1. Need the failing condition index for PRO162 against (1) surrounded by fewer than 19 Cβ atoms within 10 Å (Cβ to Cβ); (2) out of contact with any helix residue (DSSP H, G or I) (no Cβ under 8 Å at 6 or more places or on another chain), just the number.
2. Restricting to the stretch 194-220, count the residues that are of a type in the set (A, V, I, L, M, F, W, C) and either at pLDDT 80 or above or within 28 Å of SER131 (Cα to Cα) (or both).
3. Of a type in the set (A, V, I, L, M, F, W, C) and either modelled with pLDDT under 90 or not in a helix (DSSP H, G or I) (or both): which single residue out of ILE12, ILE37, ILE63 fits that description?
4. Name the single residue that is surrounded by the fewest Cβ atoms within 10 Å (Cβ to Cβ) among those in the stretch 42-88 being within 15 Å of SER117 (Cα to Cα) and of a type in the set (Val, Ile, Thr).
5. What tally of residues in the stretch 187-197 results from selecting those that are surrounded by 12 or more Cβ atoms within 10 Å (Cβ to Cβ), under 20 Å from the mean Cα position of the chain (by Cα) and of a type outside the set (A, V, I, L, M)?
6. Scanning for something without any contact (Cβ under 8 Å) to a residue 40 or more places away in the chain and either within 19 Å of ALA57 (Cβ to Cβ) or β-branched (Val, Ile, Thr) (or both), does the stretch 95-107 turn up at least one residue?
7. Say we look at the stretch 84-109 and pick out the residues that are of a type in the set (D, E, K, R) and in a loop (DSSP other than H, G, I, E, B); which of these is farthest from ASP70 (Cα to Cα)?
8. Surrounded by fewer than 18 Cβ atoms within 10 Å (Cβ to Cβ), among the small types (Gly, Ala, Ser) and not in a loop (DSSP other than H, G, I, E, B) - does that describe any residue in the stretch 114-130?
Amino acid sequence: MNITRKHNTSVIREFSRFSKDYNSYNQIQAQVAEQLIHKLQQKHYTSIADIGCGTGAIYNHLINNEISFDAFEALDASEQMLLLHPNGQRVTKRYFDFNKPEGFEDLNNKFDLVLSSSALQWSRDLDWTISKLAHIGSSFYGAIFTSNTFKTLHEAASIASPIYPSEEIKKVFDKFYKEARYDICRYKLYFDTKKELFNYIKKSGVSGGEQKLSYKQTKKLILEYPLDYLEFEVLFIKADC
């Protein structure tokens, strides 16, 4: 079953727009990247690809945890993010859109480890994207936000989540990998005021730039949103071909 989403161009635009502010607003994404690296079972890899590398959270956690590699490819569809990603003698930074065939055509390497943290929920066609990832690496470790992220917010605004439910994500990975294991983690991020809460949504990139509310709708939602925190749900995946 192919699952399609139409929002990817907006996602790239939103992440690029707030790239300089991103590290100040990505507390949950930073925790997720750290947890993902702690799940790795080796201390050295020949070649690593980071899909949707952002400003380098995965790379930094690899270095901090003394996980070494011979080659590291930082791949992202936002050139602004790539500019902020750390450089290194063994690092190659490459513009890469996991929704486009030409992105995969440019990847000549067969990686022994493919990583992706907080990015693949924005795949337009997850079935297609994961089928391609399964061909470029023998092992995959990833973290994908699920549709239960911002669950109460979406319910209050009477809108559907723009990202995938966990069960749909699992079905796709089970289709293209011989063995896949899953863990779900849930997070809450608290705010002192509703204004801070909605400013976080705007600048964190988690909203993906989709389903924009009007000023009147946003004001109403701020007044009626019943929580002083935002909910996040992340599916952690370990998959082998």
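1. Failing condition for PRO162: (1).
2. 3
3. Exactly one of ILE12, ILE37, ILE63 is of a type in the set (A, V, I, L, M, F, W, C) and either modelled with pLDDT under 90 or not in a helix (DSSP H, G or I) (or both), namely ILE12.
4. THR55
5. Count: 1.
6. Yes - at least one qualifying residue is present in the stretch 95-107.
7. The extreme case among them is LYS100.
8. Scanning the stretch 114-130 turns up no residue that is surrounded by fewer than 18 Cβ atoms within 10 Å (Cβ to Cβ), among the small types (Gly, Ala, Ser) and not in a loop (DSSP other than H, G, I, E, B).
The values are calculated or read from the model by the stated rules, or taken from the named source; none is laboratory data. These figures come from a predicted structure and were not determined experimentally. For neighbour counting, all protein chains shown are included, and Cβ atoms are generated from backbone atoms with ideal geometry for every residue, glycine included.
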